[in-house]
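Q: Submitted below is the structure of interest, expressed as structure tokens.
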Amino acid sequence: MHVQEWLETVPAVIIYLLVGVVIGVESLGIPLPGEIILVSSALLASQHGQIDPVILGACASAGAIIGDSIGYGIGRRGGRPLLTRLGRRFPKHFSAANIAMAERSFERWGMWAVFFGRFVALLRIFAGPLAGVLRMPYWKFLIANVLGGILWAGGTTAVIYYVGIVAEAWLKRFSWVGLVAAVLIGVVSMLVIKRRAKKAAAQADAQVSEATERVPAAD
């Protein structure tokens, strides 16, 4: 069953809690489809009046902020060994290359890596724990965490909600022609995003390999 089809059978209160919990757990550093759940719920809200988009966005924001804060505390306490354990448990997400890429982002951008990391799937998982491991001052982390969480969760909810309303009216007007066009646009967008993500990952791996090769030369 598709995520949205399943959400249609669930009461609104459960959806609010589900969105908050899934996004919160994802922000702890555990890979979960937080963005998929949020987008599906916001789209569902645009089609069903019993789901309030404001409450939905508030729950998503709360989950993001609280989850990241807990992740920060865990990372600060667990340190580097925590990243090693996560790498063994989730090798796809917490590989050496991904950790190195995230660390470079933090070294370059500081607290802004936490803020903008909320909009990047990989950094969204890393932000809280890694900020704790790197001992970022909590007040800096908290500012970036709150602003990023509200903007990402609230902004995503608002955008998808209004897009859903417009799309529904548009599809009703143009019938199957509009549906075909929407599917084509979605497929093309997905292919472009995957291509760019693959290219970015390849560049990150190349940079990590280059940095590793330079270590013996420095000795």
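Q: Give LEU123, LEU130 a once-over and let me know the one that is at pLDDT below 80, under 21 Å from ALA144 (Cα atoms), under 16 Å from the mean Cα position of the chain (by Cα) and surrounded by 15 or more Cβ atoms within 10 Å (Cβ to Cβ).
A: That would be LEU123, the only listed residue that is at pLDDT below 80, under 21 Å from ALA144 (Cα atoms), under 16 Å from the mean Cα position of the chain (by Cα) and surrounded by 15 or more Cβ atoms within 10 Å (Cβ to Cβ).
Q: Let me ask something else about it. Of all residues in segment 86-110, count the ones that are modelled with pLDDT of 70 or more and surrounded by 20 or more Cβ atoms within 10 Å (Cβ to Cβ).
A: 6
Q: Do you know which of the residues in segment 22-47 that are without any contact (Cβ under 8 Å) to a residue 60 or more places away in the chain and closer than 17 Å to PRO129 by Cα is nearest to the chain's Cα centre (by Cα)?
A: Out of the qualifying residues, it is LEU32.
Q: Could I ask something else about it? Considering only segment 129-143, I want to know if a residue exists there that is closer than 16 Å to ILE65 by Cβ and without any contact (Cβ under 8 Å) to a residue 24 or more places away in the chain.
A: yes
Q: Against the definition (of a type in the set (Gly, Ala, Ser), closer than 30 Å to VAL13 by Cα and surrounded by fewer than 19 Cβ atoms within 10 Å (Cβ to Cβ)), how does ALA58 come out, yes or no?
A: yes
Q: Pick out, from segment 1-58, the helices (runs of 4 or more DSSP H) lying fully within it that include 2 or more residues that are touching a helix residue (DSSP H, G or I) at 6+ places or on another chain (Cβ under 6 Å) and at pLDDT 85 or above.
A: 12-28, 34-47
Results for (1) within 20 Å of ILE30 (Cβ to Cβ); (2) modelled with pLDDT under 85; (3) crowded, with 23+ Cβ neighbours inside 10 Å, shown as yes or no for each residue.
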{"residue": "GLY117", "(1), (2), (3)": "yes, yes, yes"}
{"residue": "MET136", "(1), (2), (3)": "no, no, no"}
{"residue": "ILE150", "(1), (2), (3)": "no, no, no"}
{"residue": "ALA153", "(1), (2), (3)": "yes, no, yes"}
{"residue": "VAL159", "(1), (2), (3)": "no, no, no"}
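The values are calculated or read from the model by the stated rules, or taken from the named source; none is laboratory data. Since the structure is predicted, the reported quantities are computational estimates derived from the model, not experimental observations. So basically every Cβ, Gly included, is an ideal-geometry build from the backbone, and we count neighbours across all protein chains shown.
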